[in-house]
Amino acid sequence: MESVPNIVRIAHCIFTVRDLQASRYFYVDLLGLNILHETPTALYLRGVEDREWTLKLEQVSTSTEPTARQIGYKVWSDDELLKIESLARRQGLDYRWETEKDRPKLLRVQDPFGFPLAFYFQSVKHPWLLQDFHLHRGPAIHRVDHCNIFTPKLQDALDWYRNALGFRLTEYSADAEGKIAAAWTTRRGSVHDLAFTGARGPRLHHFAFYMPEASRIFQTCDILAGARMEKHIERGPGRHGITNAFFLYLRDPDGHRIELFTSDYYAGDPDLEPIRWSLDDARRQQLWGGIAPKSWFTEGSAVEAFDGSVVPQHDSELPLPAYIR
Ligand SMILES: [Fe+2]
């Protein structure tokens, strides 16, 4: 029996964008992400704590639907990539070997639910900027934290990621019959590297960065307001019940959703008992009460198919929460 590949953590996301300069203004000038590499059609960005690039923005034509092109994970060694290649072959998943900037050996796999995954071990390391405080700008986003995906096949997807890729469940929400509506899973011992939301998909709900202090999240709001870009603030600031984290959700110029996130908790023990939340408990989403906007439940980024097209989406049998209809 093949062993489960050892995934270290979430590592990157690639977004396609229709106006690279508008994206640069949003992510670099306002949010303080740092440019590691720049080409006429792409930006490779990182937070001040990241030693590798964590967000790539790729220019596409203005008539093209922006997508999440890749969700990337770092693995423990090149041998782990071979385990994932074997898994893809056994399960009949589309896969190929690619190279990326700084990453000479990247395994691109389309998961059984349509999500565009990429796995790598080797990556050029760059000196971090953590203590180069004189170079920090704006809220100085720190590092990659997690992603959250919309899938109509939530239970099947959760089972696959747990069994095939070794993700561990930390928290979940369920109805009275035990049907899971959303789930949070980890590899690196934080509350999550990957969260699942039962909804129309496959789509990316959001990609998240860690901030060290809630004050940086307030600062982000002030900066966006000062730039007359307050409409890019979709939800928050607030505190989640699930994860306990302080949060802010933003929409970038192409509508991709990012979250700024801090103050979750250690969840790395292998015998951790997952926390169950009732769908009747509104505190799971916002500990202080308050309702998220409908867009937060219904909108997300399309994801790229293996051939470069957009993966068709399917509705979920799970209903929207009654209070947002
Ligand atoms: Fe999140």
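The values are calculated or read from the model by the stated rules, or taken from the named source; none is laboratory data. The structure presented is a predicted model; accordingly, all values stated were derived computationally and were not measured. Because the Cβ atoms are built from the backbone with ideal geometry, glycine has one as well, and the counts that use them run over all protein chains shown. Areas reflect the complete protein model, heavy atoms only, side chains present, ligands, DNA and RNA absent. Shrake-Rupley method; radii C 1.70, N 1.55, O 1.52, S 1.80 Å.
Summary of values
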quantity: Filter result for G238 (open to solvent by less than 10 Å² (accessible area, probe 1.4 Å), out of contact with any Asp or Glu (no Cβ under 9 Å at 6 or more places or on another chain) and either within 16 Å of the ligand (Cβ to nearest atom) or of a type outside the set (A, V, I, L, M, F, W, C) (or both)); calculated: yes
quantity: Residues located in the stretch 274-308, provided they are part of a loop (DSSP other than H, G, I, E, B) and at pLDDT 95 or above; calculated: P274, E299, G300, A305, F306, D307, G308
quantity: Sole residue being touching a residue at least 60 places away in the same chain (Cβ under 8 Å), assigned to a loop (DSSP other than H, G, I, E, B) and either in contact with a Leu (Cβ under 9 Å, 6 or more places away or on another chain) or not basic (K, R) (or both), chosen from I149, I141; calculated: I141
quantity: Close pairs (7 angstrom Cβ cut-off, 6 or more residues apart or separate chains): of a type in the set (G, A, S) in the stretch 247-265, in a loop (DSSP other than H, G, I, E, B) and surrounded by 24 or more Cβ atoms within 10 Å (Cβ to Cβ) anywhere; calculated: S263/A245
quantity: Qualifying residue in the stretch 137-160 (condition: over 18 Å from the mean Cα position of the chain (by Cα), within 16 Å of the ligand (Cβ to nearest atom), over 23 Å from Q70 (Cα atoms) and buried (at least 19 other Cβ atoms within 10 Å of the Cβ)); calculated: no
quantity: Per-region count, the stretch 183-206, residues farther than 17 Å from I7 by Cβ and open to solvent by less than 10 Å² (accessible area, probe 1.4 Å); calculated: 5
